[in-house]
Amino acid sequence: MSSTMTYKGQTARIEFDDRDNILVGRLAGISDVVSFHADNVADLRSAFEEAVDDYLETCARLGKAAQQPASGKLMLRVSPEVHSAALTAAELAGTSLNQWAAKVLGEAAQAARSVPPS
């Protein structure tokens, strides 16, 4: 089982630990390690929010910017054929390649979030 929770711009991946019979979460998309756990969903939500609040407060106290999962800038390396096809698709859609790619990636990401865990 795998799912996600979001709070104050931070997203956590949630998994079930069968060995300890608990729910475990870890902030996703950052290199700082922030994790939490609980026996049930309500307590997990509280533990998640407490972990995020503690992370943000600790970063502020240390004078360090809290890591964000993404900056909004993305560099991709693709084959010339894919690049050409994407440019053509963007032009046919009447948008820039950046706008087209953002739309397509957003739709794919949303579809991936709605797929039930295997």
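So if I place +1 on the C-beta of Lys and Arg and -1 on the C-beta of Asp and Glu, and nothing else carries charge, what would the dipole magnitude of the chain be about its Cα centre? I want it in debye, nearest 20.
Computed charge dipole of the chain: roughly 500 debye.
Just Asp39, Asp53, Asp18 to compare: in a GNM of the chain, with alpha carbon springs under 10 Å, which one fluctuates most?
Looking only at Asp39, Asp53, Asp18, the largest GNM fluctuation is found for Asp18.
Rounded to the nearest 0.05, what FRET efficiency do Val33 and Met75 give with R0 = 25 Å and r taken as the Cβ-Cβ distance? Could you check?
Efficiency at R0 = 25 Å is approximately 0.45.
Which order results if Lys103, Lys73, Lys8 are arranged by neighbouring Cβ count within 10 Å, fewest first?
In increasing order of surrounding Cβ atoms, one gets Lys73, Lys8, Lys103.
What nm value, rounded to one decimal, do you get for the distance between Thr58 and Ala101 when each label is placed 7 Å out toward the C-beta?
That separation, rounded to one decimal, is 3.5 nm.
Report, in degrees rounded to the nearest 10, the 0 to 90 angle that the Cα long axis of helix 41-62 makes with the longest principal axis of the chain.
Around 80 degrees separate the two axes.
Enumerate the calculated ³J(HN,Hα) couplings along the range 67-80 in order (Karplus 6.51 cos²θ - 1.76 cosθ + 1.60, θ = phi - 60°), each rounded to whole Hz, writing x wherever the residue is Gly or Pro.
Couplings: 5, 10, x, 7, 8, x, 10, 9, 10, 10, 10, 10, 5, x Hz.
Counting only residues 5 or more places away or on other chains, whose amide H sits under 5 Å from the amide H of Ala28 once H atoms are built in the peptide plane?
Thr11, Ala12, Arg13
Rounded if a/c is under 1.5, else prolate if a/b is larger than b/c, else oblate: which is the range 31-118, with a ≥ b ≥ c the root eigenvalues of its Cα gyration tensor?
prolate
Using the 10 angstrom Cβ neighbour count as an exposure proxy, how do Tyr55, Tyr7 rank, fewest first?
Starting with the residue having the fewest Cβ neighbours, the order is Tyr7, Tyr55.
Taken together, the values in this text are just the output of simple stated rules run on the coordinates, not laboratory data. In this text, all values refer to a predicted model and were calculated from it rather than measured experimentally. Note that we place each Cβ from the backbone using ideal geometry, even for glycine, and neighbour counts take in every protein chain shown.
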